[in-house]
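What follows is a short report on a single structure.
Please treat every number below as a calculation from the coordinates, not as lab data. Bear in mind the structure is a predicted one, so any value in this text is a computation, not a measurement. Please note: Cβ atoms are built from the backbone with ideal geometry, for glycine as well, and neighbour counts cover all protein chains shown.
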């Protein structure tokens, strides 16, 4: 945003605000002057028409809070660039949007999303949270979603109030530094009261990407969730606290079903076993109870969402006391950084391995002689003894061939390669005498 601006036909000056700190120059234009093309910004920078604190600037230079940006005539001011044609909301929609707010400040708008309301629109989905965001900013920059909840999952949903805070919060979610605590009712009672479910997930074939499954092959992506039993209703059901350490689609739902305790109301993954007889609601009993995340203004943001009516009623009918859950989540557990790094490293390693296999397969198919296409194994070269303590350990896997005999003398040169088969002798010239055998 700017603290001073002039009409489009005059040179304008903008002061870089906190939300735009460390942003690239071309990204600043895309955010505040979207009518100005990248080619135009590049030409202005190349000819010195764009100045930052009086100095020339390149399109990939990063801006800092408080710097003054000089922009030549053309484009539009940030205020006008943010304006767009917005679909008017009804009084009912405005009331619904206002009722969901549980916290609001300069950078964040935190909602308590009800079950049955989708986070974003899609095929056949016309009512969703994204369609209500205009209610929180009738003019200026539109609030942005930075994460999502399933349609039937209720609870804490964070919305960024400004473009700068959207980038800040998105980074916290992508680096797994945000702590998310869920409450759920599950069928049966886990034998182990507290544990970690570490099962890779992948999209189920034939589901159009709408359903996930446990996949322990190379195609599965690492997924880890912590669970803890808060209370139990005999052997019929349990009230559990869940914390995802990764963010896979339907992760908590698939993990709980995989250990034999599907979430109550989740027929998609639990089937008939996911529903209890009697007066217990058939709606999904999965609620994003609490979110703890760093805030751009300093103090961490810590918000809790009240339970939806059907979930609170089920707790009461099963004899659970909501206060028991509060004590459990007093100090949320964050995923160890070592584990987060290990998960990311393992996934990246697997990806590189697959790419190497593809390249090697293409090379082998082109260059290998007939009958030997595919992977090629080479015996490790022999090496003499090394100086110092210990000996060198080969990094290649042992092959099925017996190991070659060691050289007779230490430090001897590696054995020569197997000689090529001798070429057949050329036929004798006509009339030449043959040698006696």
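Projecting label points 7 angstrom from Cα along Cα→Cβ for residue 86 and residue 275 puts them 4.2 nm apart.
Ordered by the number of other Cβ atoms lying within 10 Å of each residue's own Cβ, fewest first, 126, 169 fall into the sequence 126, 169. Modelled spin-label separation between residue 299 and residue 61, with each label point placed 7 Å from Cα along the Cα-to-Cβ direction: 3.8 nm. Here the convex hull built on the C-alpha positions of the stretch 92-339 has a volume of 143 cubic angstrom per residue.
Distance between the 7 Å Cα→Cβ label points at residue 317 and residue 21: 5.1 nm. One compactness figure for the stretch 12-81 is 0.96, namely its Cα radius of gyration divided by 2.2 N^0.38 Å. Label zone of residue 93 (point 7 Å out along Cα→Cβ, amide N under 17 Å): in the stretch 140-176 this covers 140, 142-145.
Our summary gives the stretch 171-217 a relative contact order of 24 percent, counting only alpha carbon pairs under 8 angstrom and 6 or more residues apart.
With contacts taken as Cα pairs under 8 Å at a separation of at least 6 residues, the stretch 188-277 carries a relative contact order of 24 percent.
The stretch between residue 204 and residue 236, if pulled fully straight at 0.36 nm per residue, gains 8.6 nm over its current Cα-Cα span. On full extension, the segment bounded by residue 102 and residue 13 gains 28.3 nm, given 0.36 nm per residue less the C-alpha separation. The mean sequence separation of alpha-carbon pairs under 8 Å and at least six residues apart, normalised by the residue count of the stretch 12-81, gives a relative contact order of 48 percent.
In the stretch 125-236, the C-alpha radius of gyration followed by the widest Cα-Cα span (Dmax) gives 18.2, 54 angstrom. Would you mind getting me the FRET efficiency between residue 192 and residue 216? Use the beta-carbon distance for r and R0 = 22 Å, nearest 0.05. The calculated FRET efficiency here is 0.60.
Computed extension gain for residue 171 through residue 306, at 0.36 nm per residue and net of the alpha carbon distance, reaches 46.0 nm.
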